[in-house]
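S.K.: This structure is in C-alpha cells; I'll ask about it shortly.
What follows draws every value from the coordinates through simple rules; no lab data is involved. Note that this is a predicted model, so its numbers are computed, not measured. Cβ atoms come from the backbone with ideal geometry, glycine included; neighbour counts cover every protein chain shown.
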C-alpha cells in the first residue's frame with residue numbers, strides 16, 4: 001500500500017506588525033523577550049482580513065543566535081470571523097545574518113531559516129475547516145514586521 005505524499009496549499013500571507021521589543025533578561029534556556037503583535041493584514045486565496053491588536057511573540061534567543069518563536073494572536077476575516085493563530089517555530093542562520101536582522105536590516109529570506117507550524121481555531125462555521133487543518137509556514141523578519149506565508153498540509 002502506497003501512502004499519499006503530503007501536498008502544500010498556499011492559504012494566505014500574514015503581514016504582522018510588531019511593537020517595540022520588551023527584553024526580559026536571561027531565562028532558563030536563553031535570553032527571553034516579548035514582541036507585541038499590534039496589527040497587520042491577511043491576504044491570500046483562502047483567508048483575507050486583518051491581524052488584531054492582541055497577542056505577542058514570546059521568544060527565546062539561544063547562545064547560538066537561534067530564536068525560538070512562540071506566538072499567539074488573532075485575525076479577523078473580511079466577513080467578520082475571528083480566528084486564533086498559535087504559531088511556533090525557529091529562526092536561524094549564520095551569525096552575521098542574524099546580527100543584521102537584529103539591527104533591523106533588510107536580509108533576503110533565503111539567507112536564513114524561518115519556519116513555523118501553526119494551529120488556527122475559530123467558532124465560525126464558515127471557517128470550520130481551519131480547525132481540522134495542519135499548517136506550516138515560511139517567514140521573513142523585517143525591521144518592524146514579520147511576513148509568514150501559511151500553507152495547509154494536504
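S.K.: Which value in deg cm²/dmol, rounded to the nearest 500, describes the helix-derived mean residue ellipticity at 222 nm for the chain, given -39,500 (n - 2.57) per DSSP H run of n ≥ 4 and division by the residue count?
M.R.: My calculation for the chain gives -1500 deg cm²/dmol from helical runs alone.
S.K.: For the chain, with a Gaussian network of springs between Cα atoms less than 10 Å apart, report the residue from 89, 80, 137 with the top mean-square fluctuation.
M.R.: Comparing 89, 80, 137 in the GNM, the peak value goes to 80.
S.K.: Another question, then. Got a sec? How would 145, 64 order by Cβ neighbour count within 10 Å, fewest to most?
M.R.: So the ranking, lowest neighbour count to highest, is 64, 145.
S.K.: Then there is this: Quick check: the distance between the Cα centres of the range 89-104 and the range 14-59, to the nearest angstrom?
M.R.: One Cα centre to the other: 17 Å.
S.K.: Take the eigenvalues of the Cα gyration tensor for the chain, scale each by 5, and report the square roots as semi-axes in whole Å, largest first.
M.R.: 27, 19, 14
S.K.: Same structure again: Pairs of Cα atoms under 8 Å, at least six residues apart: use those to get the relative contact order of the chain, whole percent.
M.R.: Normalised by residue count, the contact order of the chain is 23 percent.
S.K.: Taking the beta-carbon count within 10 Å as an exposure proxy, list 85, 51, 21 from fewest neighbours to most.
M.R.: 21, 51, 85
S.K.: Can you sort 61, 120 so the residue with the fewest Cβ neighbours within 10 Å comes first?
M.R.: If I rank by nearby Cβ atoms, fewest first, I get 61, 120.
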